[in-house]
1. Being more than 11 Å from chain A (Cβ to nearest Cβ) and crowded, with 23+ Cβ neighbours inside 10 Å is the filter here; which residues of the range B:463-476 pass it?
2. Residue check, A:A113 against (1) of a type in the set (G, A, S); (2) surrounded by fewer than 22 Cβ atoms within 10 Å (Cβ to Cβ); (3) more than 14 Å from chain B (Cβ to nearest Cβ), all met but one. Which one?
3. Which helices (runs of 4 or more DSSP H) does the range B:134-248 wholly contain that include 1 or more residues that are among the polar types (S, T, N, Q) and more than 14 Å from every other protein chain (Cβ to nearest Cβ)?
4. Here are some residues: B:I502, B:I460. Which one is within 14 Å of chain A (Cβ to nearest Cβ) and in contact with a His (Cβ under 9 Å, 6 or more places away or on another chain)?
5. Scan B:R546, B:R491 and give me the residue that is basic (K, R), away from chain A (no Cβ under 13 Å) and assigned to a strand (DSSP E or B).
6. Six or more apart or on different chains, Cβ under 9 Å: which pairs go from a residue in the range B:41-56 that's on the phi < 0 side of the Ramachandran plot and of a type in the set (G, A, S) to one that's surrounded by 17 or more Cβ atoms within 10 Å (Cβ to Cβ) and part of a strand (DSSP E or B)? Could you list them?
7. For the range B:250-263, does any single residue satisfy the condition of being surrounded by 22 or more Cβ atoms within 10 Å (Cβ to Cβ) and more than 12 Å from chain A (Cβ to nearest Cβ)?
Amino acid sequence: MTLSRRETLVLGLGAAVAVMMPLGAHAAVEDAIAAFTGGADVSEGGVTLTAPEIAENGNTVPISVSAPGAVSIMILAAGNPNPDVGTFNFGPLMPRQEASTRVRLAGTQDLIAVAKMSDGSFVQTSREVKVTIGGCGG
Amino acid sequence: MISRRDFLQVGMAASALYGAGGMGNWARLAAQQTLTQDDLLRFDTSGNVTLIHITDIHAQLKPVWFREPEFNIGVGEVAGLPPHVTGADFRKMYGIADGSVMDYALTYDDFVSLSQAYGKVGGADRIATVVNAIRADRPDALLLDGGDTWQGSLTALRTQGQDMVNVFKALGTDAMTSHWEFTLGIDRVMEIVENELGFPFLGANIFDATWDEPAFEPYQMFERGGAQIAVIGQAFPYMPIANPGWMFPDLSFGIRQERMAEMVAEVRAAGADAVVLLSHNGFDVDRKLAADVPGIDVILTGHTHDALPEPVLVGKTHLIASGSHGKFVSRLDLDVRDGEVKEVNHKLIPILSDVITPDPDMAALVEAERAPYMDELTEVIGTTDSLLYRRGNFNGTWDDLICNALLEEREADIALSPGFRWGASLLPGSDITREDIFNATAMSYPNAYRTEMTGEFLHIVLEDVADNLFNPDPYYQQGGDMVRVGGMSYRIDIDQPQGSRISDMTLLKTGEKIDASKTYMVAGWASVNEDTEGPPIWDVVEAHIRKEGTVSIPSNETIKVVGG
């Protein structure tokens, strides 16, 4: 047997995450949040981030965000080489401030959603998504 | 023919005898009382609704031996809570007398001795007798199957689950949920669900992977005793991760707690007086779900193979654990009035095959299902000097035997056997038949691979599996046990985070520490990767047992466990 794609993915990623998380990624996340908020205070809550606890396929992880009253929501994948996932902007005619997308995750990491509310305040939440080898479930 | 033996129940006498007799041989010491089918089934029918729960039978149609685990460690908030209590601690927690039937059924320590007194457990014909007896009291009792029904035996493998489908239809099952069912492949599952099953196959958390839309019925409403009972199904959440996703490529699972909250609200709005969750989440996941999703009256738990003699209460939610392999049936009588459950009465019924009279119709059906395979099933391959069992967080003698077979037959340095919790036990002195080997190995991706792995990758594998078992957040646990390892020892510190639990990995044949950069020849089975090459594991094990003649598995001292 050749332990194929899955093994390679996990091997590569284990190493990459271990090296990058403490240094590069964290600073990049802080920079991205600061750029989005202009340095304003960010409180917890008011934005919901839905994602699987354990990714079924780290290459395409379905996620959704919702923040009633938001004008935009930025999503970051804190453990990716480039943490930027995207920013959703909601026009005044949008009935609901929610959006779904799929992200590629380089390994187990936190996803972060930051929402800018219509009053100019900012809220955020985060959720850990695990990327695992799997294969031993009961 | 099956003889009805007289049964020895120690009861209070056990504690008096303890000092004189010492551990072991309770069977001989216990001679006061006989145990009857009526004793096992006695129940004061109450309320207006009865639920019967069977789960994780793993295709065991005939009575088997089944030893409960010695190690079933809970982490984080659930440390020391049921079901993470074993042996003497378990007996003390539930007031179970040493040597009693519930000692035999629920704890491990005196298993071999007590097995002589109490006999095998399970059997579809005995289960049918119990179900029929309950329905004699309460004709419209709901029979709910928690899944892991269509996999785990030679006959289920050969018939692609048909034998189990036929038996569970004959039992009068009202609904089921699923896990290993999907390892028959999506085409076979759909063939059964759409054309053969005749009762709902529920899974609120099963979605189409492309469009993220519900793929199966989430719940079924039943009118019973003048009340509306909603049964919501929850399939195993980590199906495409723990089992081969390529066998059901268009499905997505997950816990989907928000979806469960929506379903509870939906069935309540539709008039449900009681909400029952038929779950294959695993006990700790269900315990967390019960705390986070209000409005569920009863969770019929499954997957982790726990058996508890009393419900665990989380808020107003009753969690029921009904064991595995047909060893138990749970009965719950609910008093459902005015839109709520007023009272729950519960009994965990051990299916002692020598006490419960087989139902003749079911016995005939089981024999008919097995008849085409009898020559294959009954061939004796060898004998065992040791108790062979699977359950335990770190190892079991069945997997020690499988790892030995992999090391020798596949000429490997290190062997890996997955931490499955299914598989019947075998008593010391028993013949090992082909059926016994299949009871520990029968599944649809059995190929025994042989491949090189670096020391670093082996460490990643062990860390990954350890976190699936010991992550303090139950939602990150997949519900299996630790991968079993042959040819290598290691130390595990349960309380550390992923990446820091496993150390001191040592190659047993040289006594040298595993080198991260060196490659080792590794044999294993049950890879989730498509196109895995190698002989099926049962052939590897059979060849090994034939050479050994009589297998003997010494106590496994290769894993040093810290913390937990």
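The values are calculated or read from the model by the stated rules, or taken from the named source; none is laboratory data. Nothing here was measured: the structure is a model prediction, and the numbers come from that model. Quick reminder, even Gly has a Cβ in these numbers, built from the backbone with ideal geometry, and neighbours come from all protein chains shown.
1. Residue satisfying the conditions is B:F470 alone.
2. (2)
3. Filter on the range B:134-248 gives B:154-158, B:162-171.
4. That would be B:I502, the only listed residue that is within 14 Å of chain A (Cβ to nearest Cβ) and in contact with a His (Cβ under 9 Å, 6 or more places away or on another chain).
5. Residue meeting the stated conditions: B:R491.
6. Matching pairs, first to second residue: B:S46/B:D333; B:S46/B:L334; B:S46/B:D335.
7. Within the range B:250-263 (the criterion being surrounded by 22 or more Cβ atoms within 10 Å (Cβ to Cβ) and more than 12 Å from chain A (Cβ to nearest Cβ)), the answer is yes, since at least one residue qualifies.
For every residue, the table says whether it meets (1) surrounded by fewer than 19 Cβ atoms within 10 Å (Cβ to Cβ); (2) at pLDDT 95 or above.
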| site | (1), (2) |
| --- | --- |
| B:I96 | no, yes |
| B:S100 | no, no |
| B:Y104 | no, yes |
| B:T107 | no, yes |
| B:G119 | yes, yes |
| B:A124 | no, yes |
| B:T129 | no, yes |
| B:R135 | yes, yes |
| B:P139 | yes, yes |
